[in-house]
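These notes concern the structure reproduced below.
Please treat every number below as a calculation from the coordinates, not as lab data. Note that this is a predicted model, so its numbers are computed, not measured. Quick reminder, even Gly has a Cβ in these numbers, built from the backbone with ideal geometry, and neighbours come from all protein chains shown.
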Amino acid sequence: MAEDNNYNSTPTLDEIVFEHRNKEYGAYDLRSNYRKMLTKAFIMGTVLFCIAAITPFVIMKIKQMNAKEATEVNANLIDILPDNEQIIEQPKDEPPPPPPPPKEEPKQEIIQNVVPEPVKAPKVETPPPPISKQLETTTGLVNQEGVKTPSYTAPPPPPSTGNATQTVEVKPPVSETQIYSDVEQQAEFPGGLNAFRGKIMSSFDTESLADSGGGEMKSSVVFVVERDGSISDVKATGSNSAMNAEAVRTVKSIKTKWAPAKINGQNVRSYYRLPLTMRIE
C-alpha cells in the first residue's frame, strides 16, 4: 500500500531533475529552500526599510522632548510708554525770506566835454579834457564816475606775411593694384615715343606677314606699364591676325623699362595705347 501511495503522488520538478542523484549536494538544497529564503529576505528588507524611514522621525521627536521650553516675553509698547507723554509742537510755518535786492550794474564813467560857446565875455567853464583822456573812456555833458569804456577800439592787426604755418593738403594714397587710365603724369619710354617706335621697327619680323598679301596693315597695341616700369598684359587688335600676333611678340621682346605714370607723385599702374601701321610690298 505504501508503494501505491508513492506512485499516486505527483513528483515535483526538483525531484524529477535530481532523481537518482546525490540530493545532499548544495544545488538541490538551494532549490528546495528557495521560496522560504525569498520570503525571509523580503520580510527582512521590509523591516529594515521601515526602520530606516521611521528613525529620522524618532530622532526629531526625542530632540523636541529634550529641548528647553522657550520663555515668551510679552513686550507691549503701550505698557512701556509713560502715562503723561510729552507732546512736541510742530514749528509754525515761517514766512519766506525777502528776495535779495537787485544787483546794480556798475555805472559807465563819463568825463565832461562841453565846448564853450563863443560870446563876448565867456564864462569860466571847464576846459575840455585832453585827447588822450577822451580816448580812454566815453565823453558827455556831465562828469560821472564808473567803469571806463574806451571810445576808440584799435583795428585788428594785419595778417602776418612772415613764416606762418601753412595748411598742407594731405592727398589720399593711391592703389597699388588698380590700373589707371586717367593719370597726372603719363608713362614715358626713355628717349620718348619715337625711340620706342624705333625699337619696334628694328625687332619687327616682316617675313611673318609675307602670306598676308602685302599692302598697308594696322594694329592697335594696348599694354600695362607697371609701377616698376616693366610692361605686361600686351594685347593687339586689328583686321589681320598675323599682324596682331607679331605686334604682341615685338612689344614683349623690348625689355627696356619705362618711367611709370604718377598720381599725387606716386607710381601707379597705367594703360598705354600705341597704334602701329605697316606697309608690306
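For LYS257 and THR139, the difference between the fully extended length at 0.36 nm per residue and the C-alpha to C-alpha distance is 34.3 nm. Charge tally around THR177: other residues with Cβ under 14 Å, Lys/Arg +1 each, Asp/Glu -1 each, net -2. Averaging the sequence gap over all C-alpha pairs within less than 8 Å and six or more residues apart, then dividing by the number of residues, gives segment 213-281 a relative contact order of 46 percent. Full extension of the segment from THR206 to ILE43, taken as 0.36 nm per residue of separation minus the current Cα-Cα distance, would add 46.7 nm. For the Cα trace of segment 226-281, dividing Rg by the Kirkwood Rh returns an Rg/Rh value of 1.06.
Once a ≥ b ≥ c are taken as the square roots of the eigenvalues of the Cα gyration tensor of segment 182-281, is the result rounded (a/c under 1.5), prolate (a/b larger than b/c) or oblate (a/b not larger than b/c)? Walk me through the numbers before you get to the answer.
Details: a/c = 2.63, a/b = 2.25, b/c = 1.17.
Prolate is the answer for segment 182-281, as a/c is 1.5 or above and a/b outweighs b/c.
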